[in-house]
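Since every read-out is calculated from the coordinates, none of them should be taken as a lab result. Treat the numbers as computed from the prediction; the structure is a model and nothing was measured. We place every Cβ from the backbone using ideal geometry, glycine too, and count neighbours over all the protein chains shown.
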Amino acid sequence: MKKNSVVETLHRAQADKKSHTSLSADAMRDAARDCGAPPSQVYGVATFYTMFSVKPRGKHVIRICRNLACHMDGACKIVDALKKELGVELGGTTADGEFTLEESSCLGMCAAAPAMMIDDKQYGNLTAAGVKEILRRVRKGE
Amino acid sequence: MKTTILVSHDRRAMAAGAAAAEAALRAEISKRGLDKDISVSATGSLGYEAGGACVLVMPLAVVYTPVTAADAADIIEAASKGRALERLAKPVSKSWKMPASGSHAEKLAAAQQRVILGNAGVIDPENIGEYVSAGGYGALAKALAMKPEEVIAEIKTSELRGRGGAGFPTATKWASAAQEKADIKYVVCNADEGEPGTFKDREIMEGDPHKLIEGMIIAGYAIGASKGYIYIRGEYALSISRLEKAAEAARAKGFLGEKVLGGNFAFDIEIARGAGAYICGEESALIESIEGKRGEPRRKPPYPAQKGLWQKPTVVNNVETLAAVPHIILNGGLWHKALGAEGARGTKIFSIAGDLNWKGVVEIPFGTPVSAIINEIGGGVKGGRKLKAVILGGVSGSLLTDSEIATPVDFNSLAKIEAGPGSGAVIVLDETRSVVEAVLNIARFFKHESCGRCTPCRAGTAQIVRILEKIRDGKAAEDDITKLESLARVMAQTSFCPLGQTAANILSQSLKKFAGEWEACLCAGCACGGNKK
């Protein structure tokens, strides 16, 4: 019969303020206990889905889309602008621990390409200048 | 397209004869037999205090005031053509412009037939009352008064086919699960919209979440299920919160729960979040994910209708499919069968992107030619450039050339050119785009999203990217095209699930349809999108 879903439990664990948008070994062990699932299954799930991370991430996770529609509308330039502004490569976390820059599959925002998400928020029609302003605001908690 | 005329019933408007104007509008609609196309509702103040009776025409978003009974004929005439009536129009904001005759907004309104999206952008999606006022949950009441097999028969008559991409007949799926004997059955809504270029399901979930819930309850009743799951991709935060709120509101009103509408049918819905995996759009991988596992597809048969979620009979339907159900129950299967084209009945929602003047989501009858989607709805190719190719149905779908775009979008017509409507995604590439570069972008997507379970897909997607990068960098070997053809064939024939089977669709079609461009890429002076080193 149905137990607590591992996927949902990991979502919650990762949303926890202390966890910093990623899953620690302890968090995964807790999830395994809560779901009655073997730790191997939990680790398997945590490493299968791109929204989960077993490596520490920054306070905010940036997901930039590079699929076809965004690519055609200049996603590469936005990726370059983000890399330059943050001083990290894709997958990297800024030295101050504020941002992790990740690539995402299509976010379903092709009519507003190029697009990205920061945490739960969507940003579309991006320009290289515009992303600087967005990062500044997110940093300030706006 | 469905038009709604909202008549202000504030104190001043009533004093100025709003009731008479409303009656005249209704009479004019009946006289012209437009009852199904134009509806009239009362609303509160529209904020035009001075002018007398005041109406708002949606989705054109034009306000008319002062309106008298004598204006009804002109208003309905304009509305029936999707036009604004300049004589009475009032600006709704500083930036507001009168929709010009022949404008794109007008073409967009005229080309559409908004059935499933009829409420989207018109009602408040977080207010169940507005959905109910618009006739919502009426289909549920009607369905519960029917026998489950009659509900399935109605869906069969409608010839509804799945809107997720495969186009499987919905009634067949339902009948198959209905005949299974089990202590519990499930309805699962596939809202893991992740096919690149596709953003139509979110339009339903964000704009009219109750319609999806109503469709699911009816599906549950038809197959004898007591529980439903809506599996929404984790990135769709707004869709998740809208559906959570909608399910809660439906529960509070007795549309969900132990006694649906006070009767003997019990049904409840839970929202399950995805966590970023394209493969979970495949129904058996989706089921694995709801069960809390890695999203790896299962072997079929048994199909979900026999052994699905927790090995129980399960119907898995796409968001758009389930959202069509209330309309079919309310209007009858024959009504739906009269829409669209042979073998592709009803309307279809398309998400349109790429090199076009207008991008977005539209609902049009099946059978509309691809060229009309590009030129009428998309407003033509951006910058007046020529069209090179259209990616139809997402990046696992079909690649059409300029000479193929006269084809009507329906299963049969598209099958003749070895294509299909797929998810309803349309991505347009203009003449300056490199097909090779687009194919490389798509190949990288599939390499990333392959779940790794079967070798043809795991290794094939990686090999394709490796060879394509070589070609892009001008380092191609002579037999690389042959290798790509062979990889594409092997993957299509031997991959475990549809992801691998379709991953090289666009690649193989481009090798046939744009052979010249591939050849040019293999020799010096390549036209590869300026990416060659």
Here the relative contact order (percent) of the range B:460-514, from C-alpha pairs under 8 Å and at least 6 apart, is 31
Which of B:LYS36/B:LYS348; A:LYS121/B:LYS359; A:LYS59/B:LYS211 exceed 27 Å between C-alpha atoms? The answer is A:LYS59/B:LYS211
Rounded to two decimals, the Rg over Rh value of the range A:1-75 from Cα coordinates and the Kirkwood Rh reads 1.10
Between B:ARG12 and B:ALA338, the FRET efficiency computed from the C-beta separation at R0 = 35 Å comes out, to the nearest 0.05, as 0.20
Checking rank on A:26-32, A:5-11, B:373-379, with mean other Cβ inside 10 Å and highest first, the result is A:5-11, B:373-379, A:26-32
Between B:LYS36 and B:TRP310, Cβ-based FRET efficiency (R0 45 Å, step 0.05) works out to 0.60
Computed curve, the protein assembly as shown, Cα-only Debye sum without solvent term, log₁₀ I(q)/I(0) at 0.07, 0.10 Å⁻¹, is -0.49, -1.01
Across B:190-196, the residue-averaged tally of Cβ atoms belonging to other chains within 10 Å stands at 3
Looking only at lysines whose Cα falls under 16 Å of B:LYS227's and that sit 8 or more positions away or on another chain, we get A:LYS2, A:LYS3, B:LYS181, B:LYS185, B:LYS259, B:LYS307, B:LYS312
In whole Å, largest first, the alpha carbons of the range B:309-437 cover along the principal axes 50, 36, 27
Computed D for the range B:378-533, Stokes-Einstein, Kirkwood radius over alpha-carbon pairs, 25 °C, 0.890 mPa s, to the nearest µm² per second, is 153
Rounded to the nearest 5, the percent of antiparallel DSSP beta bridges in chain A equals 55
Partner shielding of A:98-109, taken as the mean number of other chain Cβ atoms within 10 Å, equals 5
Of all DSSP beta bridges having both residues in the protein assembly as shown, the percent classed as antiparallel (nearest 5) is 55
Normalised per residue, the volume inside the convex hull of the alpha-carbon atoms of chain A in Å³ amounts to 116
Two pseudo-spin positions, 7 Å from Cα along C-beta at B:ASP268 and at A:GLU98, lie apart in nanometres by 4.4
Candidate cut points under GluC sites (Glu not before Pro) in the range B:449-527, DSSP loop plus at most 14 other Cβ atoms within 10 Å of their own Cβ, are B:GLU478
For B:LYS253, the aspartates and glutamates lying under 18 Å Cα to Cα, once residues fewer than eight places off in the same chain are dropped, come out as B:ASP124, B:GLU126, B:GLU130, B:ASP208, B:GLU214, B:GLU244, B:ASP268, B:GLU270
Applying the gyration tensor rule to the Cα atoms of the range B:310-356 (axes a ≥ b ≥ c; rounded if a/c under 1.5, else prolate if a/b exceeds b/c, else oblate), the class is oblate
Here the whole-number average of other chain Cβ atoms within 10 Å per Cβ of B:391-398 is 1
Rounded to the nearest 5, the percent of DSSP beta bridges in chain B running antiparallel is 55
Row for the range B:82-217, column shape: gyration tensor on C-alpha, a ≥ b ≥ c, rounded if a/c < 1.5 i.e. under 1.5, prolate if a/b over b/c, else oblate; value prolate
Here FRET efficiency (C-beta to C-beta, A:ARG136 to A:ASP16, R₀ 25 Å, nearest 0.05) is 0.40
Computed on Cα atoms only, the convex hull of the range B:160-283 has an orientation-averaged projected area in nm² of 7.7
By the Kirkwood definition, with r running over pairs of different Cα atoms, the range B:275-337 has a hydrodynamic radius in Å of 13.1
For the range B:135-182, Rg(Cα) over 2.2 N^0.38 Å is 1.25
Computed curve, the range B:249-395, Cα-only Debye sum without solvent term, log₁₀ I(q)/I(0) at 0.13, 0.21 Å⁻¹, is -0.91, -1.23
Once the in-chain neighbours fewer than 8 apart are removed, the aspartates and glutamates whose Cα is under 14 Å from B:LYS513 read B:ASP402, B:GLU404, B:GLU418, B:GLU485
Footprinting proxy, B:CYS521, B:CYS454, A:CYS110: sorted fewest to most Cβ within 10 Å, the residues are B:CYS454, B:CYS521, A:CYS110
Over 32 Å (Cα to Cα) among A:LYS83/B:LYS293; B:LYS200/B:LYS512; B:LYS416/B:LYS475; B:LYS31/B:LYS107; B:LYS300/B:LYS483 -> A:LYS83/B:LYS293; B:LYS416/B:LYS475
For chain B, shape from the Cα gyration tensor axes a ≥ b ≥ c, cut at a/c of 1.5 then a/b versus b/c, turns out oblate
Taking Lys and Arg as +1 and Asp and Glu as -1, residues besides B:LEU34 with C-beta under 13 Å from its C-beta add up to +2
Dividing the mean separation of Cα pairs under 8 Å (6+ apart) by the residue count of chain B yields a relative contact order in percent of 12
For the pair B:GLU86 and B:ALA27, the simple spin-label estimate (label points 7 Å beyond Cα toward Cβ) gives in nm 2.9
For A:ASP73, the net charge from surrounding residues (Cβ-Cβ under 13 Å; K, R +1; D, E -1) works out to +3
Of every Cα-Cα pair in the range B:422-481, the percentage lying beyond 18 Å is 46
In deg cm²/dmol, rounded to the nearest 500, the helical mean residue ellipticity at 222 nm of the protein assembly as shown, built from -39500 (n - 2.57) for every DSSP H run of length 4 or more, is -11500 deg cm²/dmol
Length gained if B:GLU469 through B:ILE417 is fully extended, taking 0.36 nm per residue and subtracting the Cα-Cα distance, is 15.8 nm
